[in-house]
1. Is it the case that region 2-11 has a residue that's of a type in the set (Gly, Ala, Ser) and surrounded by fewer than 10 Cβ atoms within 10 Å (Cβ to Cβ)?
2. From (1) modelled with pLDDT of 90 or more; (2) β-branched (Val, Ile, Thr); (3) over 21 Å from SER23 (Cα atoms), pick out the condition that doesn't hold for ILE105.
3. Return yes or no: is ILE153 among the β-branched types (Val, Ile, Thr), over 30 Å from LYS65 (Cβ atoms) and assigned to a helix (DSSP H, G or I)?
4. Anything in region 1-36 that is among the β-branched types (Val, Ile, Thr), within 25 Å of LYS71 (Cβ to Cβ) and in a loop (DSSP other than H, G, I, E, B)? List them, or say none.
5. When the residues of region 53-74 are filtered to those that are aliphatic (A, V, I, L, M) and over 15 Å from GLU32 (Cα atoms), which remaining residue is surrounded by the fewest Cβ atoms within 10 Å (Cβ to Cβ)?
6. Scanning for something crowded, with 16+ Cβ neighbours inside 10 Å and of a type in the set (Ser, Thr, Tyr), does region 121-130 turn up at least one residue?
7. Any residue in region 41-52 that is under 26 Å from SER23 (Cα atoms) and either among the hydroxyl-bearing types (Ser, Thr, Tyr) or part of a helix (DSSP H, G or I) (or both)?
Amino acid sequence: MAQKITLSIPDMLHEKVTQWRSSFNFSRLFQEALTEAIQKKEALQKRFSDEFDMPDIIQRLREEKQAWENKFFRAGKRQGLVWARAAHFEDLLYVLHHEDTYDLIGHENFKTYFQGIYQEYELGKYSGEGGTAHEHKFMEGWFQGVRSFWNEIKEQI
C-alpha cells in the first residue's frame with residue numbers, strides 16, 4: 001500500500017514544480033531519488049560492519065555501477081531532448097539516421113557541441129580506447145532523447 005507524505009520545498013522550486021507539473025511524475029522521481037539515497041546509506045553502513053565478504057562487495061559495486069550508469073543515461077536523455085528542440089531540421093534528420101555514435105561526436109557539424117557536453121559531464125574522465133560504460137550510457141540516453149522528441153512531433157510537421 002502506498003503512503004502519502006508531505007514535503008517542504010523553497011518557493012522558487014515550487015514555481016518550477018507548478019510550471020512543469022504535467023511533464024513529470026514527481027512521485028516516481030522522488031521515489032527513485034529516495035530509494036537511491038537510502039541504498040547508498042545502507043551500503044555505507046554495511047561497509048563498516050563486520051559482516052562483509054567478497055560477494056557483498058561485488059554486489060555493492062555492481063549496484064553502484066548501475067546507479068552511476070543510470071545517472072549518465074538520464075543526463076544524456078535530458079541533453080538529447082534539449083538539443084533536439086533547438087536543432088535544425090536537417091541536423092535532426094542526420095542524427096536520427098546516424099548509426100555510429102563516435103563518428104557523430106567527431107562530425108564537423110557536432111564536434112563543438114559534443115566537446116562542451118564532454119567537458120560539462122566529464123565524459124572523458126575515465127575514458128580509454130572505445131569509451132567507457134558511463135560515456136556509452138550518456139550517448140545512449142542522448143539518442144533516446146532525440147528519438148523521443150522526434151516521435152512526439154514527427155506527425156505534426
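1. Yes, region 2-11 has at least one match.
2. (1)
3. On the way: among the β-branched types (Val, Ile, Thr): yes; over 30 Å from LYS65 (Cβ atoms): yes; assigned to a helix (DSSP H, G or I): yes.
Yes: the conditions hold for ILE153.
4. Within region 1-36, ILE5, ILE9 meet the criteria.
5. Top of the filtered list is MET54.
6. Let us first name the residues in region 121-130 that are crowded, with 16+ Cβ neighbours inside 10 Å, namely 121, 123.
Cutting the leftovers down to of a type in the set (Ser, Thr, Tyr) gives us 121.
Checked region 121-130: at least one residue is crowded, with 16+ Cβ neighbours inside 10 Å and of a type in the set (Ser, Thr, Tyr).
7. Taking region 41-52 first, the residues under 26 Å from SER23 (Cα atoms) are none.
No, because not a single residue in region 41-52 is under 26 Å from SER23 (Cα atoms) and either among the hydroxyl-bearing types (Ser, Thr, Tyr) or part of a helix (DSSP H, G or I) (or both).
Residue-wise test of (1) among the hydroxyl-bearing types (Ser, Thr, Tyr); (2) surrounded by fewer than 16 Cβ atoms within 10 Å (Cβ to Cβ); (3) on the phi > 0 side of the Ramachandran plot.
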position: ILE105; (1), (2), (3): no, no, no
position: THR112; (1), (2), (3): yes, yes, no
position: GLN119; (1), (2), (3): no, yes, no
position: THR132; (1), (2), (3): yes, no, no
position: GLU135; (1), (2), (3): no, no, no
position: TRP150; (1), (2), (3): no, no, no
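The values are calculated or read from the model by the stated rules, or taken from the named source; none is laboratory data. Owing to the predicted nature of the structure, the values given are computational and were not obtained by experimental measurement. Because the Cβ atoms are built from the backbone with ideal geometry, glycine has one as well, and the counts that use them run over all protein chains shown.
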